[in-house]
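Heads up, the thing below is written out as structure tokens.
The values are calculated or read from the model by the stated rules, or taken from the named source; none is laboratory data. These numbers were taken from a predicted model, which means no experiment stands behind them. So basically every Cβ, Gly included, is an ideal-geometry build from the backbone, and we count neighbours across all protein chains shown.
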Amino acid sequence: MLHLRQPTQCPAFFGALALTTVAVASPPTTPPPLAPRYVVTAIEHPEPNTVRTIVPWDLNNDGRVTGFAFHGYGIDLTRQPCFWQDGVVELVPVDWDYTESRCLAADGTAFGIDLTSEALVHVTPDGIAPIAAAPVGYSTMLHPATASGWVVGNHYDDGFTWHPDAGYTALSTPFSSNPVTVADVNEAGVAVGTFDYSRAFMWRHGEGRTDPAPELSGETHAWSIDELGRVLLSHQQSAAAFVRYAYLGDDGVTLGPVLMTFPYGQGVEARANEAGDLVGTWASGSGTPYMAMRAAAGSELVEIALPPDTIAVDVYGLTEAGMAYGLIMNSEYEPEGFAASVTGGLSILNHRFIGHEPLWFYGVPRDANASGAMVITYAHNNSYSHWAMIEPARSGDVDGDGEIDVSDVLGVVDAWGPWPSGSVCGPDLDMDGVVGVVDLLEVLAAFGR
């Protein structure tokens, strides 16, 4: 890890050092292909006499999920924090009314909000403990906590930070009543985001808010900060937008070269991972949405083809493996979940779940991890969404049971012939619309493994 207080000779030197460190510590790799199909595991409430809905908020690389469970019915309906892993739900004992676990900590515990006491809380399987009195509500969002203990989030447009040593800080209060939206924080406790909807900022406890790129005129936004001190910035000027890094050092901030250029520059958003993979979205003057990605190992900006009836695209995140995920809206105003990569393009998720036909409002991901697993909303029932974990299916696994055996061979043989995308997902292993020799060979190659 590169700490911000590590001595450097000058900002330019720091920028070169950061670039060199990336190549050594995190060698850029070609993102793996997208999973053609997924195994679905419902995340369900363990108690039968209640609303059987659990809402996940955060997923880590160990497959651990945290969120909250609805409890009861009608006016007695409350929210109870919980954990889920390997199909097992741990309901956290609380004195209801409304407590939600929102983000995981490095040790598998979590942080969340308690609306009854108006506080941020630490959540363990044994219970909750208030850590800071704060304005909280259903709109309060928490970003994943760092291993060093930093928690950041937003209550409407009021960003805040918390750390066990630094306490709670509302970032809008010390400066003005203008909105301050936090986007990310790194292990060193440097938070970044956007001030008053138009200027990027960075913040550090005891040092206040600064502009990482005052030399850039027009509108700037800070989208993330990584462990090398790289702040991902977008800059809009006239009809174009640009994405680049700002490199932090003790002697100041150095702007890196432009990494992505968007010719239209409306509604620009950008995401990056630690390896340096990038994804951006923007809209034309007529509102037509676009998405592009750039792999850390490559130099070309790859436009990701969207379905022709797409009217909006929203990227929720970019995994460590270079997979973007999020939601697109079609012309019928129906949301559809997607996964995308530089090598694989864009995959709509709603017809890729083994054992299911495509369904409207199916497969919209909330979070994803490095292995390509995602937590998704997968159906709609009486105003309560249902949620599931989806994981990439093994090669040759027709029925999604994790074993490659005779049942998979028979599944291919029984389904031989045309297999359109509207059919139940399973035997068409390569999702090419035909169950045939290629699919059978894939099963035989993986048989018994």
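Numerical summary
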{"quantity": "Which listed residue, of GLY372, GLY396, GLY400, is assigned to a loop (DSSP other than H, G, I, E, B), under 24 Å from ALA321 (Cα atoms) and touching an Asp or Glu at 6+ places or on another chain (Cβ under 6 Å)", "calculated": "GLY396"}
{"quantity": "Positions within the range 263-300 being at pLDDT below 90 and buried (at least 20 other Cβ atoms within 10 Å of the Cβ), in sequence order", "calculated": "GLY265"}
{"quantity": "Checking ALA106 against (1) touching a residue at least 60 places away in the same chain (Cβ under 8 Å); (2) part of a loop (DSSP other than H, G, I, E, B); (3) of a type in the set (A, V, I, L, M, F, W, C), the condition it does not meet", "calculated": "(1)"}
{"quantity": "Single residue of THR161, THR181 found to be buried (at least 20 other Cβ atoms within 10 Å of the Cβ), β-branched (Val, Ile, Thr) and closer than 19 Å to TYR316 by Cα", "calculated": "THR181"}
{"quantity": "Test: PHE361 is out of contact with any Ser or Thr (no Cβ under 9 Å at 6 or more places or on another chain) and surrounded by 15 or more Cβ atoms within 10 Å (Cβ to Cβ)", "calculated": "no"}
{"quantity": "Strands (runs of 3 or more DSSP E) contained in the range 132-226 and holding at least 1 residues in contact (Cβ under 8 Å) with a residue 24 or more places away in the chain, of a type in the set (A, V, I, L, M) and under 21 Å from ALA106 (Cα atoms)", "calculated": "151-155, 180-185, 191-195, 219-225"}
{"quantity": "Some residue of the range 119-127 being in contact with a strand residue (DSSP E or B) (Cβ under 8 Å, 6 or more places away or on another chain), surrounded by 13 or more Cβ atoms within 10 Å (Cβ to Cβ), at pLDDT below 95 and in a loop (DSSP other than H, G, I, E, B)", "calculated": "no"}
{"quantity": "Inter-residue pairs, beta-carbon under 6 Å, first in contact (Cβ under 8 Å) with a residue 12 or more places away in the chain and in the range 251-267, second among the polar types (S, T, N, Q) and not in a loop (DSSP other than H, G, I, E, B), 6+ apart", "calculated": "GLY265/GLN236"}
{"quantity": "The one condition in (1) part of a strand (DSSP E or B); (2) more than 28 Å from GLU44 (Cα to Cα); (3) not charged (D, E, K, R) that PHE111 fails to fulfil", "calculated": "(2)"}
